[in-house]
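Scroll down for the structure; my scribbles are underneath it.
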Amino acid sequence: MSYSVTPTALPEVLILEPKVFDDDRGFFFESFNEREFQHATCLSVNFVQDNHSKSSQGVLRGLHYQIQHPQGKLVRVTQGVVFDVAVDLRRSSPNFGKWMGVELSADNKRQIWVPPGFAHGFVVTSESAELLYKTTDYWFPEYERSLLWCDPVVAIRWPFDGEPKLAVKDAAGKLLVEAECFA
């Protein structure tokens, strides 16, 4: 098997650790194999878009979701270190408004599966970081929403002091009580 899967406090959010072949020349691993992903997760998903982002230390991106055309995301870091977060935005879920976070890095090669119905974001804790992520639907800017990163009800314990570097849309994110959520 190419992946080991670790459940999280939010059962639908999964941490995947690929089997890495290391030797004195470097390393090799399959970052995605549809058959192995399905076998390891019991999920059948269709990825339609790959995204690549680079950010400097202290940049916080998110917490993003699309109210129409929700996206599942398979996220990994290829350079640097981030603290990656998912928040359950499904009102019918017993975990509505709860979050989980995990360190993703180029060194640990972990991936996180964030299913549709969840907000996703991360903060860069190294000098810089690059992320690659696959999505199950296309980006539709008219449906994109942001949950406020510092919502006191959600109460994410971000691993930094002070204020992060934010995009205008993320600084204007909605509180959970005001946010459009999923059924």
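Side notes on the structure shown:
- In this structure, ASP50 does not qualify as within 10 Å of the chain's Cα centre (by Cα), in a strand (DSSP E or B) and closer than 24 Å to SER2 by Cβ.
- Remark: PRO164 falls outside the filter, which requires a residue to be surrounded by 15 or more Cβ atoms within 10 Å (Cβ to Cβ), within 16 Å of the chain's Cα centre (by Cα) and either closer than 21 Å to GLU12 by Cβ or at pLDDT 95 or above (or both).
- Hey, ASP151 farther than 14 Å from VAL13 by Cβ, crowded, with 20+ Cβ neighbours inside 10 Å and modelled with pLDDT of 95 or more or not: yes
- Criterion applied to LEU148, LEU132 was being of a type in the set (A, V, I, L, M) and farther than 16 Å from GLN49 by Cα, and the one residue passing it is LEU148.
- Filter result for SER44 (touching a helix residue (DSSP H, G or I) at 6+ places or on another chain (Cβ under 6 Å) and surrounded by fewer than 13 Cβ atoms within 10 Å (Cβ to Cβ)): yes
- Output for region 18-33, where each listed residue is out of contact with any strand residue (DSSP E or B) (no Cβ under 6 Å at 6 or more places or on another chain) and in a loop (DSSP other than H, G, I, E, B): LYS19, ASP24, ARG25, GLU30, SER31, PHE32, ASN33
- For GLY26: the one exception among (1) at positive phi; (2) at pLDDT below 95; (3) touching a Lys or Arg at 6+ places or on another chain (Cβ under 9 Å); (4) not hydroxyl-bearing (Ser, Thr, Tyr): (3)
- Here region 4-28 is the region considered, the condition is being touching a Ser or Thr at 6+ places or on another chain (Cβ under 8 Å) and surrounded by 14 or more Cβ atoms within 10 Å (Cβ to Cβ), and the residue that is nearest to PHE118 (Cα to Cα) is LEU14.
- Count of residues meeting criterion [part of a loop (DSSP other than H, G, I, E, B), acidic (Asp, Glu) and out of contact with any Leu (no Cβ under 9 Å at 6 or more places or on another chain)] in region 142-162: 1
- Number of residues in region 91-134 that are aliphatic (A, V, I, L, M) and over 11 Å from the mean Cα position of the chain (by Cα): the value is 3.
The values are calculated or read from the model by the stated rules, or taken from the named source; none is laboratory data. As the structure is a computational prediction, the values presented were derived from the model and not from experiment. Don't worry about glycine lacking a Cβ; one is built from the backbone with ideal geometry, like all the others, and counts go over all protein chains shown.
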